[in-house]
Structure formats: structure tokens, C-alpha cells
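The values are calculated or read from the model by the stated rules, or taken from the named source; none is laboratory data. Predicted model only: the values in this text are computed from it and were never measured. Reconstructed Cβ throughout: ideal geometry from the backbone, glycine too, with neighbour counts over all protein chains shown.
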Amino acid sequence: MATFNRAEVIDKNFLALLDNWAEPASPRRKDLDEPLHAETHMTGRDLVEVFESQMIARHLDLIARHLRARNASFYTIGSAGHEANALVARLTRHTDPAFLHYRSGAFFAERARACPEIDVIYDTILSQAASSEDPISGGRHKVWGSKPLWIIPQTSTIASHLPKAVGAAIALRREKLSHIAPPVPRDSIMICTFGDASTNHSTAQGAFNAARWAAYQQVPVPVLFVCEDNGLGISVRTPPNWVEENFQHARAIKYFRTTGLDILEAHDTIRTAVDYCRNHRRPTFLHLKVVRMLGHAGTDFEPAYHTLEQIADAESQDPLLQSARLAIRQGLLTPDEIRDMYEGLRKRTEEAADRAVKQPRLTSAAQVVEPLAPYSPAEVKAEAKRVIPREERITAFGGEDKLPENLGPRHLAVNLNSALFDLMAKYGDMFVFGEDVAQKGGVYYVTAGLLKRFRASRVFNTLLDEQTILGLAQGFGYMNALPFPEIQYLAYFHNACDQLRSEACSMQFFSKAQYRNPMVVRIASLGYQKGFGGHFHNDNSITALRDIPGLVIACPSRGDDAAEMLRTCAALAHVDGRVVAFLEPIALYMQKDLYEDGDEQWQFTYPSPEKCAVIGEPRVYNPKAKDVVVITFGNGVRMALRAAKQLKDEDKLDIRIVDLRWLNPLNAEAIAKHASHTDNVVILDEGRKSGGLGEGIITAMVEHCDRMPRVKRVVGVDTYIPLGPAANLVLPCEEDVVRAVRSLTK
């Protein structure tokens, strides 16, 4: 009777090949280090060791299914059929950073030869069993990753890891130009593996395009794209020759194709592709034709979309069968020796499983989140306050008379620009990039002059693709840089949200903080641009950002705060490897006046370079006032100050205004402290009624105030921002604040 336990079938098929071997014994090969024949570089040792890695991967697949049946393992996406990726590991260096697809067991096993102290079987089963002893993620996810092996952990990747692989490849060259030492040899290549279905993902297409775009302009991009083509995306078939047609003639990317079923045939093609990528520093596409066995994962009932004949046909192409035939026919191993190896690995795997499933798991929320958001307050503060020699600052700004603290009050955009100059001089590993940031100096000229002073190696334009911009930032971070990418508008960030949510902010979480991708993402943000641009230039929603675990969100409303906060954000990224979103209110970039035209009361003197802001600490205006407390941020601060003046003049009310400045994590204690000093609180949130910051502020009050004051929210309407004067109909205004205060105090 046919069985649907296909793990048992492929295991028996392999043993049956050995038991039924009838060919005459081949002459025993004496020298394992000789090429197998005159037209290949593959040696006998290569074949035997790669074959062993393939068998290790197979037993890891089998034990995962066995343990899952016992509810002792929680991950069953396997590598069966893809084991030729062991050759990619064999023919690259263990210092070539690898961003791996989830079917990479054989790659991992083969690369582990570089570090004999690593027990690849035991470590993988710890990961499958979600043990806190798992050396890479500590039980937080089953990932292929290793710090000593330079395998940067990815989660259940489809295509989201491709942009950062491209970014890391480009960063190698940038760091050479900037005299910054990368953590891997300069002639390293980046290895990025994925499936054929993933090539259709917009994120993958963006990464391919970015690599080609850069290479077309003679920028080195040493990334080896390895497409493991099994013809399936779970149950959806890839059209025949689809990958070939898309990539074999693609401009600025070198295409290589080979089988993944015969490692002898594949060896030299893979070797040539690796050498081309390393020597030419060009994006290289290695198309590896493989098969998929055991379905997509243990929960995938493959007979729902494949006949038993189709399943058996894939199993008949099992690469382990072909490797066994090769080893026997080349006189390297006998059938009995292979059986002994295979069964020895089975025993080793079972023994490792018996130990691994007894190891502890995460038992508290504190354990789970421990590596998510490291914060060293004293070290961050000391780093933010650290000042470079005065002579270096004078050089950066072009003369002592041009030091910004000597130039008097300036608006937000100028103070931000000065802060970037200071930071670029302070951090030789800092890079500023994004669309229009170089020659133009940014759409709002916040990066003006940086290119001229710090050169194109450190300040450069990217193509118009936010996924690529944030992927570059991650790749640069892996290469020991401090990236400051710019996203031109908040609405544009949403095109690339996943690069922060699933990738950048998860890295320390999934690697126990062994890997980090520090960055400060500057985003021109929020509304109130007098009707210009509609939603795409007036996006008032930060909900998606606030929902990203571990992300710090800073939002200054005035120039001196912006400089001090930016210094702290740079220090946080530098010291703790954190990811920061720095929201810059566009409407306040050039604002000079507060109460009346020409009063210039919204310009501020640039703070001396040792001054910095404390994360979470708000700025408070009229701190002793108790009639009403207005809690706000961004554009709301200036608006609240103007409303407070009117209320003071007309109603004799004293208004305290709390500018939160830091929107994630919210300082709940500070919110409760100020709210507790009054009977009346107005929350001025320029975001939307649903999902806006106001909801978090109210929650903080409910959970931390001993006595709840009366509360009114002044918020935006749940809508996109329209073009023209109609924008004012859906955004909060000063009159709304005045009405809310009067309704509480009447």
C-alpha cells in the first residue's frame, strides 16, 4: 500500500540503493586530493566531504519530522532535494557573509567544517526544538545562522533578505574609499540564496535592479545570487524556463546555470561563478536546478496538489542517490562504507536529539525580549556628549567663524544640517544616502553641503526605491558602518516598512544580539504644508512605525532639540546597534516665527557639541502651570504654544505643554507625572483618531495615574490628507485646541 510518510520513503530509497548495488567494484582511489578526472577541479575529498554534509542535512530533515510527531520540535521546513548548496559553501569562504534561504542545511553543515568546535547537528536540533541553548537565536526562531561562520540569520525568508545582501556588497567598496576597516576581508563576496518563486517578489526584483543599476555605473557589487530552482512556490508551479528567460540575458549581471542533482557536474560551474563574482566584483546569478522533496514543510499535504507519481518522480531524482553513485563509481567509498556513514550520522542525530529536547526553553517574557532592544544609558549618554577636537570641527565647518553655535538662532532645517556636519566629522564610518541627498542637498536642503565636504564615498544618491535604501542601510551596518539613510516622505516609508519591521529591527532579536544593523533613518514627515502635495507629502500616520518592536522613534519640533536628539540617536546606534526612525516635521523645517510674523521666536541657537537629549525625556513649557496640561509632539508643539497664549490672554488660564519628543517607546511615567498635576488634560495628536499616538498616551495615563484627570483628544480625522485647503478640514488646528481647553474648564 502506498504510504504518505515520504520521509520514510526517501530514507528507505537511499538504503535500498546501497543494499541492491550490483555494479562491479571500482578501483580504489588512493589519493583523495587528486581531481576526479582531467576536466574537473573536484577532488575525491571534495566529493566525500560534500556528500557527508548532504547526509547530515538529510538526517536533520528526518529528525525534525520525528520530533514534530512527538511535539518536541516546532519547525519542519527541510532541505531535501536542495543539498547541492553544500557545494556553494565548499567553494566559498567562511568569511563570505551568507544570507540563506531556509533550505540550507547542507550549506550550513559544509561551512561548519571551518570551525570544528561547532556541532552542526546538535545546534540545529536545539534550534528546531526552540531551546534557549540554541547558539544563534536562543530559541526565538529556527534560523540558519552563526557568528563565527558569518551566516547572518534570516527568518522564514521569501525575498526580504536580498536588499541587505546587495547593501553589504556595496558597503565593502564604500568602506575602502572611506578608509574604514570592514569586519571581513575586502575581497569577500556576499552569498544570497532563495527559491525560484522568490524571484517574482517585488523585493527581490528591487534587489536585482539595484545590483544591476549600481554595476551598470561601474560600482562594485560582489553579490552571488543563488537561485535554488525546484520549480515550485509551495503548490504553484514556476513556468518552464521562466528563470532562464528572465536572467540569462539580463544586463549587468552574469548568469550561470547548472544542475543541483549531480555535484560532480555542478562543481566547476559553481566554482567559476564564485571566482567570477570575487574577481570581477560584479553581481552574479547562479541558477541551480534542484528538486523539492517532503513537500513545502511538515504541515504541507503534498498529495492535495501532486499525484503520487509526481511525488515519486521527484524522489527518484534525490541528489543523495546521485552522490552515492558517484562516490562508489569513483572508487571513493563502497556501498557498505556509505551505509556505515549514513547510519552513523543517524545515530549521532538521534543522540543529539535526545539531549537537545531536554534542554531548557525560554520561560519568561523577559527572556524572550532580552536581546530585542539593548540600551546602555550611561554609555549612550557618554558617547553622545563626546566631542572631537575643536580643530576637526573647524575643518568640517570650513572655519571657526562658521561654527554653528556662533551664528545665532536658526530654524530647524539649518540646525539639522549643522548636526549632520558635526556627526559626519565625529564618525568616520557614517554614511548619508538616499534620493537627492548629494548634489541637490535633499528636497528641503537638510543635507546641503555634505557632499562637497565629505565626498561621494560617504554622501551619495541612491535609486528611487525605499526598499533598496533601507536594504543598503542594513548591509552597511553589517560591515561596521553607521548608516544615516533618508526617506524623502513618511508616505514613501510605507513602501518599505517590512525592511524595518521584519528585517532590521528583528536582527538582534533573532541572533541574540550577535549581529546588529545600526542605523538612523531620517524621514521628512507629517502634515501642515498649506495644502501642498496631498497625502503623499502630508502623511500623518506613524502607527506602522510604532508597531515595530525595538524601534526608537524621535520627533523634534525645534532646531536645538533636533541637534541634541540626533546626537543621542547616533550614539544609540553606535553603542547599542539600535534602529532609529527620526521624524522631521516638514512644516517646521523653515519656520522662524511663533506668535507673529517676523518675531523669529521659533529659531534657536545651535547647542554646543557636548549637549545631548536623554531618550524619553520630554521638553516642558511653563512647567508649573496646573490649569491644563497639553501633551503633544511635532507640529502640535508650536500649535499648542500659540493656543496657550490666546487662552492666557482671553481666559487667564495657565497651560503646561509637554512635548514628548520621543514617540517610541513612550515615557509613560513622564506622561502620568504631568497629567497628575492637573484636572484637565488635552492630547493634541496630529495623527489620526484611530491608531494614533493619543491612544498610547491615554493608556499610559490609565495605567500609571493614581487619579485620572478629565481628558479631551484633539486629533486628525481617519482619512488620507487631501490636496489644497481641504487638508485643514481633517487636521487639528489651534482653534480645536482652544475649544477643547474651554470645554474642560468651563
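General observations
- Selection status of A613, touching a strand residue (DSSP E or B) at 6+ places or on another chain (Cβ under 7 Å), in contact (Cβ under 8 Å) with a residue 40 or more places away in the chain and of a type in the set (G, A, S): no
- Exclusive hit being touching an Asp or Glu at 6+ places or on another chain (Cβ under 8 Å), assigned by TED's automatic domain parsing to the domain that holds D560 and either buried (at least 20 other Cβ atoms within 10 Å of the Cβ) or not in a loop (DSSP other than H, G, I, E, B) (or both), set F460, F431, F493: F493
- Segment 532-559: number of residues that are at pLDDT 85 or above and not in a loop (DSSP other than H, G, I, E, B): 9
- Residue match in segment 467-474 (condition: of a type outside the set (A, V, I, L, M, F, W, C), surrounded by fewer than 19 Cβ atoms within 10 Å (Cβ to Cβ) and touching a helix residue (DSSP H, G or I) at 6+ places or on another chain (Cβ under 8 Å)): no
- Listed by first and then second residue, the pairs linking a residue in segment 543-554 that is closer than 15 Å to R661 by Cα to a residue that is outside any helix (DSSP H, G or I) and at pLDDT below 95, with Cβ atoms under 7 Å apart and 6 or more places separating them unless they lie on different chains, are I553/I542.
- Qualifying residue in segment 118-128 (condition: free of Cβ contacts under 8 Å to residues at least 12 places away in the same chain and acidic (D, E)): no
- So A324, is it farther than 30 Å from N71 by Cβ, in contact (Cβ under 8 Å) with a residue 12 or more places away in the chain and of a type in the set (G, A, S): yes
- The requirement of being surrounded by fewer than 17 Cβ atoms within 10 Å (Cβ to Cβ), among the acidic types (D, E) and either out of contact with any strand residue (DSSP E or B) (no Cβ under 8 Å at 6 or more places or on another chain) or in a helix (DSSP H, G or I) (or both) is satisfied by E244.
- Matching residues in segment 370-386 - criterion: being hydrophobic (A, V, I, L, M, F, W, C) and either without any contact (Cβ under 8 Å) to a residue 12 or more places away in the chain or loosely packed, with under 14 Cβ neighbours inside 10 Å (or both): A378, A382
- Matching entry among V521, V575 (being surrounded by fewer than 24 Cβ atoms within 10 Å (Cβ to Cβ) and either farther than 23 Å from K164 by Cβ or touching a residue at least 24 places away in the same chain (Cβ under 8 Å) (or both)): V575
- From the options A215, A204, residue that is touching a strand residue (DSSP E or B) at 6+ places or on another chain (Cβ under 8 Å) and outside any strand (DSSP E or B): A204
- Unique residue being in the same structural domain as I191 (by TED's automatic domain parsing), polar (S, T, N, Q) and either crowded, with 23+ Cβ neighbours inside 10 Å or touching a helix residue (DSSP H, G or I) at 6+ places or on another chain (Cβ under 8 Å) (or both) when the list is T307, T272, T238: T238
- Any chance I158 is over 17 Å from N480 (Cβ atoms) and either assigned by TED's automatic domain parsing to the domain that holds R458 or in contact (Cβ under 8 Å) with a residue 24 or more places away in the chain (or both): yes
- Looking only at segment 270-314, residues that are assigned to a helix (DSSP H, G or I) and either over 28 Å from A165 (Cβ atoms) or of a type in the set (F, W, Y) (or both) come to 11 in all.
- When residues of segment 1-59 are limited to those that are surrounded by 19 or more Cβ atoms within 10 Å (Cβ to Cβ) and of a type in the set (V, I, T), the one farthest from A312 (Cα to Cα): V48
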